Amino acid sequence: MSRPLHIGLLGAMPEEIGCDLSHLHKLEIEEHGDLTIHKGLWQDSVQLTLAWSGWGKVSAARTATRLLAATPGIDLLLFSGVAGAADPTLEQWDVLLADAVVQHDMDARPLFPRFTLPPLNRDQLKPQAAWFQWARTALDQAHAAGELQGFRQPGSGLIATGDRFIGDPDVLDELRGALPGLKAVEMEGAAVAQVAEQEGIPWLVLRVISDGADDAAAASFSSFIKDYEQRAWQLTEALLKRQDSAPRP
Ligand code: ADE
């Protein structure tokens, strides 16, 4: 039998992955300061290394870096959680796999164009095509098979990350104007993607819409996250179940 696929799974809050880890066995815990890293096996076919980062880009980047350093051999870094909709056609429970991510608060003008990440000299980061296709197909198949109870049709598009919870239509409009095709906003994904790119590790950002990044965003988010916690694991499992077709190195 081939070695288990090794996925590094990150979420900002326990509710964004589901804090019940009883589906994992051979569970081990490592503490690094205030960060806990959980390591376990899912059905002997997937090694999962999992941590909840806390909110924001620094926390996410710190956790991604620590996870990669603490566990050699990670095949894929996956950030999973919720996001505010920037595309008005999206609704709560829509599933969105990033085909590109951008840090919307990166602005080193006039030295670099707005959004450009100086160390990479790029603004948008795109996941590796083979991993993106695998996850997109897995999510579509799981949805068609009725495995994603309560979730809406999976889709994909541009996700913007920044250290700001967006609950203001004017702020959102400005970002939509500056980032054509923008689908959603959140606070961690592109930071993890940057770390993964710089470390040479494939990455994916998977989000479920919790709110409209508008005046009602805080209330929508708070009520959504309680329901989401009960269902979040379904999304992870949809991918793990299809590990056979993952693009292993
Ligand atoms: N995550 C979920 N909703 C969000 C919002 N409105 N802004 C930023 N991050 C979010």
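What translational diffusion coefficient, in µm²/s and rounded to a whole number, does the Stokes-Einstein relation yield for the range 102-189 at 4 °C and a viscosity of 1.567 mPa s, taking the hydrodynamic radius as the Kirkwood radius over Cα pairs?
This corresponds to a translational diffusion coefficient of 86 µm²/s.
How many angstrom separate the Cα center of the range 201-217 from the Cα center of the range 143-199?
For the range 201-217 versus the range 143-199, the Cα centre distance is 4 Å.
Considering Cα pairs under 8 angstrom that are at least six residues apart, work out the relative contact order of the range 5-241 and quote it in whole percent.
Across the range 5-241, relative contact order equals 28 percent.
Taking the chain as the reference, fit the longest principal axis to its C-alpha atoms, fit the long axis of helix 129-144 to the helix C-alpha atoms, and give the angle between the two in degrees, 0 to 90, nearest 10.
Relative to the chain, helix 129-144 is tipped by roughly 80 degrees.
What residue among Ser53, Ser80, Ser156 shows peak mean-square fluctuation when the chain is described by a Gaussian network model with Cα springs under 10 Å?
Checking each option, the largest mean-square fluctuation is seen for Ser156.
Report for the chain the percent antiparallel among DSSP-assigned beta bridges with both residues inside it, nearest 5.
In the chain, approximately 35 percent of DSSP beta bridges are antiparallel ones.
Once both axes come from the Cα atoms, what is the angle between helix 57-70 and the longest principal axis of the chain, in degrees from 0 to 90, rounded to 10?
Roughly 20 degrees between the two axes.
Hey, which lysines would be in cross-link range of Lys183, C-alpha to C-alpha under 29 Å, not counting anything within fewer than 8 residues on its own chain?
Lys57, Lys126, Lys226, Lys241
Can you tell me what the convex hull of the Cα atoms of the chain projects to on average, as an area in nm²?
One quarter of the hull surface, i.e. the mean projection, equals 12.9 nm².
What are the residues whose amide H is under 5 Å from the amide H of Gln103, where those residues sit 5 or more places off or on another chain and H is modelled from the backbone?
Amide H to amide H, under 5 Å and 5 or more residues apart or across chains, Gln103 pairs with Thr161.
Order of 224-233, 90-99 by packing, highest average Cβ count within 10 Å first?
Put in order of decreasing packing, that is 90-99, 224-233.
Suppose every Lys and Arg Cβ carries +1 and every Asp and Glu Cβ carries -1, with no other charges. What dipole size does the chain come out with about its Cα centre, to the nearest 20 debye?
In total the dipole reaches around 820 debye.
With everything on Cα atoms, drop me the angle between helix 189-199 and the longest principal axis of the chain, reported from 0 to 90° to the nearest 10.
Approximately 60 degrees, to the nearest 10.
Using alpha-carbon positions, what is the distance between the centroids of the range 33-66 and the range 69-118, in Å?
For the range 33-66 versus the range 69-118, the Cα centre distance is 17 Å.
Every read-out reported here was derived from the displayed coordinates using simple, explicitly stated rules and does not represent laboratory data. All values derive from a computational prediction rather than experimental measurement. Don't worry about glycine lacking a Cβ; one is built from the backbone with ideal geometry, like all the others, and counts go over all protein chains shown.
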